[in-house]
Amino acid sequence: EKGGYEHFMLKEIYEQPSAIVDTYRGRMLVDKGMVRMAGMDDNIERFVNAKRILIVACGTSWHAGLVAEYIFEDFARVPVEVEYASEFRYRNPIIDENDVVIAISQSGETADTMAAIKLAKSKGAFVFGVCNVVGSSISRETHAGAYTHAGPEIGVASTKAFTTQITVLSLMALKLAKAKGNMSNTDFHYHLQELDLIPGKIKKALEANEHIKEVAKKYMNAANFLYLGRGFNFPVALEGALKLKEISYIHAEGYPAAEMKHGPIALIDENMPVVVIATKKGHYEKVVSNIQEIKSREARIIGIVTEGDTDVRSMSDYVIEVPDTVEAFTPLLTTIPLQLLSYHIAVMLGKNVDQPRNLAKSVTVE
Ligand code: F6R
């Protein structure tokens, strides 16, 4: 049932290329230059007229929501807020019928996310679900939705659910951008073509596995890790840190790279591995200068870079390459080495990767 893999987590990491194809199959029509998604098509006015999009979720799904915030605002020019469902539900939020709420949940059973949905509905908001488990409670409670079609995710640490959530949310953002006239046809088409190339590029990123094992071996005994990213890859830094924490029990924190100098840089010494997502896009130059700042404090740098990069390589102890793509889709690639790094560290430390202590696959209590 693990299909020859040692753990479900590893199997699910390797399933991502085909899971993403399953997510966009029948929805992304590259030749026709369109995105078809029944849950959105049937409610397109609600989306087009939305004054704001509010995303509610927990854990890794919340990180997918943060990536979506960057993508929706960039493509569709609609204000987006991302909330922890557990905070949203208890803070008397300002929300009304002009809001579209997107609830993201792999299991579709998370108690806090469910409560947030009920609250949003009681205020008149339109609620759209992005779930993986078909027929789950959240998929039934929402007004409309889109399944991720990632297939069953057994490993407690979420992997393919995350990348397929980002895929669905990217399709939604593209569709909304088109419906609102915020993206030219050429640009729209270009993004569809780029998304279509992502599964193949993930396969390529997975080829770094043996090299990532070496990196894992080198740093498996570190007491702390930092993960840094900016822009679309800031949430990926948070997700990388969460993956390491939950399965290896090593303390890790994710930060926006530029926040380092506002405090956390004090933590840095030669024992601190710092994973920096530094793809050659958007904020590349800024990230390079952030790396210089921490390098001068002796940190060990593990750079996640675009194929062929030389600048970050020259400053790093290790680099892990991912293929090039448009900036908005880089999280789909930069996530892959971070999943593998935490997986190998946890295995080398002898931890129970698929069922880490204290964690359950679906959190049905608040
Ligand atoms: C992390 C993880 C959790 C879940 C969170 C939300 O790897 O699995 O953080 O992401 O409990 O679960 P869902 O998406 O089922 O609502």
Study note, to complete from the structure: Of the residues in region 273-292, those that are closer than 14 Å to Asp309 by Cα and out of contact with any Ser or Thr (no Cβ under 7 Å at 6 or more places or on another chain) number 6
Exercise for review: Can you tell me which residue among Val21, Val100, Val48, Val78 is more than 16 Å from the ligand (Cβ to nearest atom) and crowded, with 23+ Cβ neighbours inside 10 Å?
Suggested key: Val100
Practice item. Identify all residues within region 111-124 that are more than 13 Å from the ligand (Cβ to nearest atom), in contact (Cβ under 8 Å) with a residue 24 or more places away in the chain and small (Gly, Ala, Ser); write none if there are none. Key: Ala120, Gly124
Practice item. Report whether or not Thr186 is within 16 Å of the ligand (Cβ to nearest atom), of a type in the set (Val, Ile, Thr) and on the phi < 0 side of the Ramachandran plot. Key: no
Exercise for review: Report yes if some residue within region 31-39 is away from the ligand (no atom under 16 Å from the Cβ), farther than 18 Å from Lys180 by Cα and either in a loop (DSSP other than H, G, I, E, B) or touching a Ser or Thr at 6+ places or on another chain (Cβ under 6 Å) (or both); otherwise report no.
Suggested key: yes
Review point. Could you list, in sequence order, the residues of region 161-183 that are of a type in the set (A, V, I, L, M, F, W, C) and either within 16 Å of the ligand (Cβ to nearest atom) or buried (at least 19 other Cβ atoms within 10 Å of the Cβ) (or both)?
Key: Ala161, Phe162, Ile166, Val168, Leu169, Leu171, Met172, Ala173, Leu174, Leu176, Ala177, Met183
Check your understanding: Out of (1) within 11 Å of the ligand (Cβ to nearest atom); (2) on the phi < 0 side of the Ramachandran plot; (3) crowded, with 23+ Cβ neighbours inside 10 Å; (4) not in a strand (DSSP E or B), what's the single condition that is false for Gly108?
Key -> (2)
Practice item. Tell me which of these Ala328 doesn't satisfy, since it passes every other one: (1) buried (at least 17 other Cβ atoms within 10 Å of the Cβ); (2) more than 26 Å from Tyr84 (Cβ to Cβ). Key: (2)
Exercise for review: State all residues of region 232-263 that are small (Gly, Ala, Ser), buried (at least 23 other Cβ atoms within 10 Å of the Cβ) and closer than 26 Å to Glu73 by Cα; if no residue qualifies, say none.
Suggested key: Ala237, Gly240, Ala241, Gly254, Ala257
Check your understanding: In this structure, is Ser158 closer than 15 Å to Ala68 by Cβ, among the small types (Gly, Ala, Ser), touching a helix residue (DSSP H, G or I) at 6+ places or on another chain (Cβ under 7 Å) and buried (at least 24 other Cβ atoms within 10 Å of the Cβ)?
Key -> no
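So that you can scan it fast, the table gives a plain yes or no per residue for (1) closer than 27 Å to Leu244 by Cα; (2) touching a Lys or Arg at 6+ places or on another chain (Cβ under 6 Å); (3) of a type outside the set (A, V, I, L, M, F, W, C):
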| residue | (1), (2), (3) |
| --- | --- |
| Thr110 | yes, no, yes |
| Ala115 | no, yes, no |
| Ala120 | no, no, no |
| Gly124 | no, no, yes |
| His149 | yes, no, yes |
| Ile154 | yes, no, no |
| Ser158 | yes, no, yes |
| Phe162 | yes, no, no |
| Gln165 | yes, no, yes |
**Study point:** The one condition in (1) within 15 Å of Met260 (Cβ to Cβ); (2) crowded, with 22+ Cβ neighbours inside 10 Å; (3) touching a helix residue (DSSP H, G or I) at 6+ places or on another chain (Cβ under 8 Å) that Ala299 fails to fulfil
**Key:** (3)
Check your understanding: Residues in region 303-324 that are touching a helix residue (DSSP H, G or I) at 6+ places or on another chain (Cβ under 6 Å) and β-branched (Val, Ile, Thr): how many?
Key -> 5
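Quickly run through region 291-305 and pick out the residues that are touching a residue at least 24 places away in the same chain (Cβ under 8 Å) and more than 25 Å from Ile336 (Cα to Cα).
We begin by selecting, within region 291-305, every residue touching a residue at least 24 places away in the same chain (Cβ under 8 Å); these are 291, 293-294, 297-305.
Glu293, Arg297, Glu298, listed by residue number.
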Check your understanding: Does Val127 satisfy the condition of being at pLDDT 95 or above, away from the ligand (no atom under 15 Å from the Cβ) and part of a strand (DSSP E or B)?
Key -> no
Point to revise | Residue list for region 130-155, restricted to those being away from the ligand (no atom under 12 Å from the Cβ) and not basic (Lys, Arg) | key: Val134, Gly135, Glu141, Thr142, His143, Ala144, Gly145, Ala146, Tyr147, His149, Gly151, Pro152
Exercise for review: Quick one: count up the residues across region 64-105 that are within 21 Å of Val133 (Cα to Cα) and outside any helix (DSSP H, G or I).
Suggested key: 6
Check your understanding: Pick from Glu239, Glu253: which is charged (D, E, K, R), under 25 Å from Gln106 (Cβ atoms) and in contact with a His (Cβ under 6 Å, 6 or more places away or on another chain)?
Key -> Glu239
**Study point:** Selection count where residues are small (Gly, Ala, Ser), buried (at least 24 other Cβ atoms within 10 Å of the Cβ) and within 13 Å of the ligand (Cβ to nearest atom), scope region 55-75
**Key:** 4
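The values are calculated or read from the model by the stated rules, or taken from the named source; none is laboratory data. Here the structure is a predicted model, which means the values were calculated and not measured. Methodologically, a virtual Cβ is constructed for each residue, glycine included, from the backbone with ideal geometry; neighbour enumeration extends over all protein chains shown.
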